[in-house]
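> First, the structure itself, so that you have it in front of you.
The values are calculated or read from the model by the stated rules, or taken from the named source; none is laboratory data. In this text, all values refer to a predicted model and were calculated from it rather than measured experimentally. Don't worry about glycine lacking a Cβ; one is built from the backbone with ideal geometry, like all the others, and counts go over all protein chains shown.
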Amino acid sequence: MCRLRFLLILLVSAGFAGTQKPLLTLDEFFNAVDIHHVRISPDGRAVVIETSRADWAADRFRSDLWLYRDDGGGSLVPLTTTGHDRDAQWSPDGKWIAFLSDRGLTDEPEKDAERAKDETDKAMQVYAIAVAGGEAFPVTRGEEKVHAFAWSADSREIYFATRTPRSKEQKEAYKKEWKDAVQFRESERGDVINRIAVADAMHCAMVNTGKACDATTAVTQLTTTPLRAKQLETSPDGRRIALLTESRSERWESAEDFAIYLVDSAGGPAKKLVARPAFLDSLRWASDGRHIFFHFLNGAVEGPYQDAQPRVYSVNAEGASIARWAAMFPGAVTGEAALSDGGLLATGRMGTEVQTYVQRSANGDFARQSGSPGTYEQISTATHSPRLAFVYSSLQEPAEVYLAATPDDIAHARRITAFNQILTERALAEGKPYRWIADDGVTVEGMLIYPPGKFEAKHLPTLTLIHGGPGDADGNHFEADWYQWGSLAATQGWLVFQPNYRGSIGYGDKFTLGIVPEIVSKPGRDILAGVDALVKAGIADPDHLTIGGYSYGGYMTNWLITQTTRFKAAVTGAGAVEHAANWGNDDTTLDDAYFLGGDPWEAKQRYNDEAAIWQMNKVRTPTHIVAGADDIRVYVGENYLLERALHAQGIPVKLLIFPGEGHPLDKNPWHGKIKVREELKWLESHQ
């Protein structure tokens with residue numbers, strides 16, 4: 001009888017196990033498809049989608065364009081197949097799609113084959129392809145990269161921006177005098193804005209691919225700027241082009257380089273429309289053609305510089321009066337799109353959720369739309385239709401593209417892609433928000449991501465994984481990459497604690513600004529209070545606590561291992577351990593100084609008080625470090641400094657440097673995969 005019962009239990013257990021989804025593997029995680037951009041057609045009947053995925057054989061990321069047609073059953077087909085195409089834009093008449101590509105075409109075709117061997121020697125150019133079918137053809141040619149472009153309102157021309165080119169004589173004279181020496185600032189150049197007829201470019205591509213193409217393709221200069229053109233947007237009536245600028249070097253040293261200008265489409269000098277102490281990020285014309293919506297990342301449109309939450313404004317193109325939208329919204333406006341009635345459709349973060357909102361006028365209600373819990377992003381609206389497209393994800397729903405009939409019908413949107421279908425066939429982690437009280441009585445929130453099958457279990461080994469920014473937040477969304485790998489860590493048995501410490505967005509401006517000037521000590525206390533609360537509640541196992549983060553998450557990890565010995569292991573990347581040298585090498589020096597209350601000579605004590613390097617003698621935590629060799633967002637030397645300090649004291653430490661990588665680790669997919677693979681090993685071996 002006992003033997004029969006034992007066999008019955010085995011059979012039932014085997015049957016139960018057979019119904020469970022397998023766990024997500026490292027390979028599957030890093031084969032996930034990232035959806036970079038979504039653009040709906042003017043009539044709302046088609047969507048062009050840009051994806052990025054690893055090409056392991058080529059040691060690079062592919063960037064591909066896809067076309068979805070809403071033709072009854074709906075069809076999704078590759079629009080391009082080179083793996084080098086991005087930033088697609090519909091022509092206003094919906095007949096063409098233009099995009100940027102670095103396929104290697106120049107004015108000297110005989111050199112293309114040789115240049116194609118060198119990924120770094122390809123000049124990004126504008127290409128166009130007919131929606132009705134056919135091959136893509138180059139619209140622009142040259143050695144200077146195109147970094148911004150826009151269609152004319154009549155779909156006949158394309159405006160594009162490049163760095164001001166140098167003549168052959170100028171290049172030869174420079175090389176003769178300077179050889180391979182780089183003049184750090186003096187060699188920087190501003191931009192030229194040109195226009196080109198698409199029909200001429202197509203004719204050139206069909207009958208001539210040589211140098212004579214310049215004679216048959218009419219390129220007309222519209223204007224020049226001493227700055228770099230970040231974005232071009234044509235007004236609905238076609239008379240003006242809105243120009244968003246940034247610094248020539250792309251370093252964030254001065255907010256004065258970020259401004260909005262208006263350029264007559266017939267040509268002439270650019271006229272400044274908006275200049276504020278803010279790093280402007282995007283702009284788009286309202287449907288009335290009289291206003292321009294704009295967004296910013298850091299700084300302030302109203303008052304002096306401060307790193308509050310992202311906001312959205314509109315500026316009158318005639319009188320330059322500025323209005324703030326979503327003025328009463330306590331969260332962060334993370335994205336926006338213009339509606340055909342002159343209103344705004346936006347995504348807004350409140351806590352761990354990013355939902356959609358509609359506002360019909362600057363003074364109207366910022367009304368949340370009905371939708372599923374999770375994260376909405378990459379919203380795109382149609383010019384001549386109420387339809388919209390967007391990307392949606394949650395912890396248990398990998399990112400895909402959806403199509404909705406109207407902004408009011410987002411809850412019933414149709415999924416039109418299945419790029420990440422394999423992930424839905426795996427046991428994915430479940431999560432929930434978690435709140436605790438900081439040492440000064442402020443409520444702080446974060447996310448708990450549980451191992452599959454252990455939702456709300458107790459006494460779990462815990463990884464505190466800290467987001468970067470600091471103006472960011474973790475929440476209910478799915479992402480599979482080297483930066484946000486909490487879902488993968490959870491499949492390895494870790495309870496992943498993602499704290500939205502002071503300085504995070506989605507909790508009001510006061511909460512975001514609460515990091516100043518204690519840029520690591522204040523959020524550090526928030527994080528440690530959260531770990532204490534998890535232990536006290538019996539959720540986290542106090543004997544198996546680990547910690548990690550990248551970028552600002554690396555700053556925090558480096559600081560926290562000097563404040564406590566409770567963590568058995570740490571994994572950190574691209575994080576500073578002091579602030580003076582990092583200020584001098586960082587490409588965002590203005591916000592560094594803002595956070596610390598001044599430049600190094602103005603706030604010397606604060607720079608020292610908030611620096612982990614002066615407390616390295618307290619560290620007992622085995623630490624794994626990673627960095628990009630060419631990182632200037634967080635000076636790569638900070639990682640060498642951390643490694644040296646720990647090695648000198650006999651603390652177990654390992655440093656991985658990824659050649660050719662900057663801060664984002666976006667050159668070679670193997671680097672991100674190796675990073676996470678080794679970090680998981682480190683956590684497991686030292687817990």
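> What's the number of the condition residue 531 fails, among (1) buried (at least 19 other Cβ atoms within 10 Å of the Cβ); (2) within 25 Å of residue 682 (Cα to Cα); (3) at pLDDT below 95?
All conditions are met except number (3).
> Next question, about the same structure. Taking into account only those residues within region 260-282 that are of a type in the set (D, E, K, R) and not in a loop (DSSP other than H, G, I, E, B), which is surrounded by the most Cβ atoms within 10 Å (Cβ to Cβ)?
281
> Restricting attention to region 542-554, does a residue exist that is closer than 23 Å to residue 442 by Cα, touching a residue at least 24 places away in the same chain (Cβ under 8 Å), outside the structural domain of residue 251 (by TED's automatic domain parsing) and among the β-branched types (Val, Ile, Thr)?
Yes: one or more hits.
> Identify, by number, the condition in (1) in contact (Cβ under 8 Å) with a residue 60 or more places away in the chain; (2) closer than 30 Å to residue 668 by Cα; (3) over 15 Å from the mean Cα position of the chain (by Cα) that residue 504 doesn't meet.
That leaves (1) as the condition not met.
> May I pose another question? Return a yes/no flag: does region 376-395 have any residue that is at pLDDT 95 or above, under 26 Å from residue 26 (Cα atoms) and not in a strand (DSSP E or B).
yes
> What is the residue count in region 249-258 for residues that are surrounded by fewer than 21 Cβ atoms within 10 Å (Cβ to Cβ) and under 21 Å from the mean Cα position of the chain (by Cα)?
Counting residues in region 249-258 that are surrounded by fewer than 21 Cβ atoms within 10 Å (Cβ to Cβ) and under 21 Å from the mean Cα position of the chain (by Cα) gives 4.
> Residues to consider are 575, 628; find the one that is closer than 19 Å to residue 525 by Cβ, buried (at least 18 other Cβ atoms within 10 Å of the Cβ) and of a type in the set (Gly, Ala, Ser).
After applying the criteria, what remains is 575.
> Taking residue 112 and the conditions (1) within 18 Å of the chain's Cα centre (by Cα); (2) at pLDDT below 95, which numbered condition does it fall short on, given that it satisfies the others?
For residue 112, the exception is condition (1).
> Only one of these conditions is not met by residue 481: (1) more than 24 Å from residue 654 (Cβ to Cβ); (2) crowded, with 19+ Cβ neighbours inside 10 Å; (3) among the acidic types (Asp, Glu). Which number is it?
Here residue 481 meets the rest and fails (1).
> Out of 399, 418, 427, report the one residue that is touching a Ser or Thr at 6+ places or on another chain (Cβ under 6 Å) and either buried (at least 17 other Cβ atoms within 10 Å of the Cβ) or on the phi < 0 side of the Ramachandran plot (or both). Full working, then the answer.
Numbers: 418 fails: touching a Ser or Thr at 6+ places or on another chain (Cβ under 6 Å); 427 fails: touching a Ser or Thr at 6+ places or on another chain (Cβ under 6 Å).
On inspection, the qualifying residue turns out to be 399.
> Yes or no: region 193-206 includes at least one residue that is surrounded by 15 or more Cβ atoms within 10 Å (Cβ to Cβ), acidic (Asp, Glu) and either modelled with pLDDT under 90 or closer than 21 Å to residue 138 by Cα (or both).
Yes: one or more hits.
> Another question, then. Assess whether residue 374 counts as being under 30 Å from residue 72 (Cα atoms), of a type outside the set (Lys, Arg) and surrounded by fewer than 20 Cβ atoms within 10 Å (Cβ to Cβ). Break it down stepwise before answering.
Values: under 30 Å from residue 72 (Cα atoms): yes; of a type outside the set (Lys, Arg): yes; surrounded by fewer than 20 Cβ atoms within 10 Å (Cβ to Cβ): no.
No: the conditions fail for residue 374.
> Under 6 Å between Cβ atoms, which residue pairs at least 6 apart in sequence (or on different chains) link something in region 411-428 that is in contact (Cβ under 8 Å) with a residue 12 or more places away in the chain and in a loop (DSSP other than H, G, I, E, B) with a partner that is among the acidic types (Asp, Glu) and surrounded by 13 or more Cβ atoms within 10 Å (Cβ to Cβ)?
Partner pairs satisfying both residue conditions: 417/400.
> Okay, moving on. Considering each residue of region 335-358, count those that are touching a residue at least 60 places away in the same chain (Cβ under 8 Å) and over 18 Å from residue 445 (Cα atoms), and give that number.
Number satisfying all stated conditions: 2.
> Are any residues in region 313-356 among the polar types (S, T, N, Q), in a strand (DSSP E or B) and touching a Gly at 6+ places or on another chain (Cβ under 9 Å), and if so, which ones?
334, 347, 355, 356 - these are the residues of region 313-356 that are among the polar types (S, T, N, Q), in a strand (DSSP E or B) and touching a Gly at 6+ places or on another chain (Cβ under 9 Å).
> A further question follows. Could you list all residues from region 292-304 that are in contact with a Gly (Cβ under 8 Å, 6 or more places away or on another chain) and either buried (at least 21 other Cβ atoms within 10 Å of the Cβ) or modelled with pLDDT of 90 or more (or both)?
Within region 292-304, 295, 298 meet the criteria.
> Right, here's the next one. Quick one: how many residues across region 506-517 are surrounded by 23 or more Cβ atoms within 10 Å (Cβ to Cβ) and part of a loop (DSSP other than H, G, I, E, B)?
Residues meeting the conditions: 3.
> Answer with yes or no whether residue 305 is outside the structural domain of residue 231 (by TED's automatic domain parsing), hydroxyl-bearing (Ser, Thr, Tyr) and in a strand (DSSP E or B).
So residue 305 fails the test.
Conditions tested, residue by residue: (1) closer than 28 Å to residue 675 by Cα; (2) within 27 Å of the chain's Cα centre (by Cα).
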residue: 583; (1), (2): yes, yes
residue: 586; (1), (2): yes, yes
residue: 607; (1), (2): no, no
residue: 619; (1), (2): yes, no
residue: 629; (1), (2): yes, yes
residue: 638; (1), (2): yes, yes
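> Sticking with this structure for a sec: What are the residues in region 143-159 that are more than 23 Å from the chain's Cα centre (by Cα) and either surrounded by 18 or more Cβ atoms within 10 Å (Cβ to Cβ) or modelled with pLDDT of 95 or more (or both), if any?
Of everything in region 143-159, those that are more than 23 Å from the chain's Cα centre (by Cα) and either surrounded by 18 or more Cβ atoms within 10 Å (Cβ to Cβ) or modelled with pLDDT of 95 or more (or both) turn out to be 144, 151, 152, 153, 154, 155, 156, 157, 158, 159.
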